[in-house]
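Reviewing the structure listed below.
The values are calculated or read from the model by the stated rules, or taken from the named source; none is laboratory data. No experiment lies behind these values; they were computed from the predicted model shown. We place every Cβ from the backbone using ideal geometry, glycine too, and count neighbours over all the protein chains shown.
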Amino acid sequence: DVKVTQSSRYLVKRTGEKVFLECVQDMDHENMFWYRQDPGLGLRLIYFSYDVKMKEKGDIPEGYSVSREKKERFSLILESASTNQTSMYLCASTPPFWSGNTIYFGEGSWLTVV
Amino acid sequence: GENVEQHPSTLSVQEGDSAVIKCTYSDSASNYFPWYKQELGKGPQLIIDIRSNVGEKKDQRIAVTLNKTAKHFSLHITETQPEDSAVYFCAASRRSNDYKLSFGAGTTVTVRA
């Protein structure tokens, strides 16, 4: 079974803190994603990565950055957390393009910024 | 970019009845349409998907239909059971380009016993 693991399930951070959300997948997938999930808005793409050290902006990248130093790990960074970044964050990965579109999600990280 | 609209936002059905969720999309180049189920406290999981060369696909009690001309697709759940209660998301993407999925806002389905 594919496993996408988000190390922190629940976090509470203060405004202005730097926040790291870590994600690891165990299926050697090239593609990894960070989504944000908010009620009534569905899932919105923050950043994605097609390969190590490669990253591309999604639909809502402002206030976020990412890091992909190893193929299995994709980190989301909030440089200076703000209350409007309180949300559920979902990491996901997919296999190479030619093997299908199935996207595998982690269990989510609930972030509260106070 | 792609815009996916999903209706209804909430749906309550009696156990054994059918549930239908509808989505529309804006990008005529989209050719891949998955549906995800998210149970409480978990990440979304793929339950069924359809590609643009197919009009309908079934998997036991779940079916998806696609109308490319009208740019809409629907999820049908028959003989609903309590374990079908969850949030369901539709999505669309251009498979030939990348894996960027555009998601609908989600439908919270409650199956009443």
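Among the candidates B:Lys37, B:Lys100, the residue that is assigned to a loop (DSSP other than H, G, I, E, B), in contact with a strand residue (DSSP E or B) (Cβ under 8 Å, 6 or more places away or on another chain) and within 14 Å of chain A (Cβ to nearest Cβ) is uniquely B:Lys100.
Residues in region A:60-114 that are away from every other protein chain (no Cβ under 14 Å), part of a loop (DSSP other than H, G, I, E, B) and of a type in the set (Val, Ile, Thr): A:Thr86, A:Val114. Of all the residues in region A:33-46, those that are within 19 Å of A:Pro95 (Cβ to Cβ) and more than 7 Å from chain B (Cβ to nearest Cβ) number 3. Among the residues of region A:31-42, those identified as at negative phi and either surrounded by 16 or more Cβ atoms within 10 Å (Cβ to Cβ) or in a strand (DSSP E or B) (or both) are A:Asn31, A:Met32, A:Phe33, A:Trp34, A:Tyr35, A:Arg36, A:Gln37, A:Asp38.
Here B:Lys68 meets the list (1) more than 8 Å from chain A (Cβ to nearest Cβ); (2) touching a His at 6+ places or on another chain (Cβ under 9 Å) almost entirely, failing just condition (2).
Residue-wise test of (1) modelled with pLDDT of 95 or more; (2) in a loop (DSSP other than H, G, I, E, B); (3) of a type in the set (Gly, Ala, Ser).
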| residue | (1), (2), (3) |
| --- | --- |
| A:Val2 | no, yes, no |
| A:Ser8 | no, yes, yes |
| A:Gly16 | yes, yes, yes |
| A:Phe20 | yes, no, no |
| A:Val24 | yes, no, no |
| A:His29 | no, yes, no |
| A:Arg44 | no, no, no |
| A:Val52 | no, yes, no |
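On the stretch given as region B:40-65, residues that are surrounded by 15 or more Cβ atoms within 10 Å (Cβ to Cβ) and either of a type outside the set (Ser, Thr, Tyr) or within 11 Å of another protein chain (Cβ to nearest Cβ) (or both) total 11.
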